[in-house]
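The values are calculated or read from the model by the stated rules, or taken from the named source; none is laboratory data. It should be emphasised that the depicted structure is a prediction, and the values quoted were computed from it without experimental measurement. Every residue, glycine as well, gets a Cβ built from its backbone with ideal geometry; the counts of neighbours run over all protein chains shown.
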Amino acid sequence: MNTKEIKRQRRHTRVRKSIASKDARPRLCVHRSNRYVTGQIIDDSTSKTLAYVTSKGLSGDTYTARAASAGTAIAELAKTAGVERVVFDRGGYLYTGRVKAFAEAARNGGLEF
């Protein structure tokens, strides 16, 4: 592994420590690759994935626009799963660009975090 990925994993570990101490809300986890953004709503108490979405195949001219449409889609899936409040896990990534677009679209779609 390269040092960038190792540093990101260390940041993710630090973020997960603070998230684990929160109340028992499901976790909205985001992963960013070079082309796509994926999001999962995970119930850590039962280790089950409640909703999953990827930006692959979604509409949008740019990667950021596709990430925003993925955020809207995860909010709709969360509503059908009966989830309204989540804890956002940015996965060690900076809260900017595609991660921010995903999170803000999920908030606008009705998720509370």
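So, restricting to strands (runs of 3 or more DSSP E) that lie completely within the stretch 34-113, which ones have at least 3 residues that are modelled with pLDDT of 95 or more? Step through it out loud before you land on a result.
On the way: elements: 37-43, 48-54, 87-89.
Here the list reads 37-43, 48-54.
Is it true that some residue in the stretch 26-38 is loosely packed, with under 14 Cβ neighbours inside 10 Å and either among the β-branched types (Val, Ile, Thr) or touching a helix residue (DSSP H, G or I) at 6+ places or on another chain (Cβ under 6 Å) (or both)? Let's see the steps before the verdict.
In the first step, residues of the stretch 26-38 are kept if they are loosely packed, with under 14 Cβ neighbours inside 10 Å; the result is 33-35.
From the residues that got through so far, the ones that are either among the β-branched types (Val, Ile, Thr) or touching a helix residue (DSSP H, G or I) at 6+ places or on another chain (Cβ under 6 Å) (or both) too are none.
Scanning the stretch 26-38 turns up no residue that is loosely packed, with under 14 Cβ neighbours inside 10 Å and either among the β-branched types (Val, Ile, Thr) or touching a helix residue (DSSP H, G or I) at 6+ places or on another chain (Cβ under 6 Å) (or both).
From the residues in the stretch 1-28 that are among the small types (Gly, Ala, Ser) and assigned to a loop (DSSP other than H, G, I, E, B), which one is modelled with the highest pLDDT?
The first filter runs over the stretch 1-28 and keeps only residues among the small types (Gly, Ala, Ser), leaving 18, 20-21, 24.
Filter again for assigned to a loop (DSSP other than H, G, I, E, B), leaving 21, 24.
Working: Ser21: 55, Ala24: 78.
Among those that are among the small types (Gly, Ala, Ser) and assigned to a loop (DSSP other than H, G, I, E, B), it is Ala24.
One line per residue, one yes/no per condition, for (1) within 23 Å of Gln9 (Cα to Cα); (2) touching a Lys or Arg at 6+ places or on another chain (Cβ under 8 Å); (3) aromatic (Phe, Trp, Tyr):
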residue: Lys48; (1), (2), (3): yes, no, no
residue: Ser55; (1), (2), (3): yes, yes, no
residue: Gly60; (1), (2), (3): no, yes, no
residue: Leu77; (1), (2), (3): no, no, no
residue: Val83; (1), (2), (3): no, no, no
residue: Arg90; (1), (2), (3): yes, no, no
residue: Ala101; (1), (2), (3): yes, no, no
residue: Asn108; (1), (2), (3): no, no, no
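Does any residue of the stretch 56-70 turn out to be among the hydroxyl-bearing types (Ser, Thr, Tyr), loosely packed, with under 15 Cβ neighbours inside 10 Å and farther than 21 Å from Ile19 by Cα?
Initial filter on the stretch 56-70 (among the hydroxyl-bearing types (Ser, Thr, Tyr)): 59, 62-64, 69.
Keeping just the survivors that are loosely packed, with under 15 Cβ neighbours inside 10 Å gives 59, 62.
Narrowing further to those that are farther than 21 Å from Ile19 by Cα: 59, 62.
Scanning the stretch 56-70 turns up at least one residue that is among the hydroxyl-bearing types (Ser, Thr, Tyr), loosely packed, with under 15 Cβ neighbours inside 10 Å and farther than 21 Å from Ile19 by Cα.
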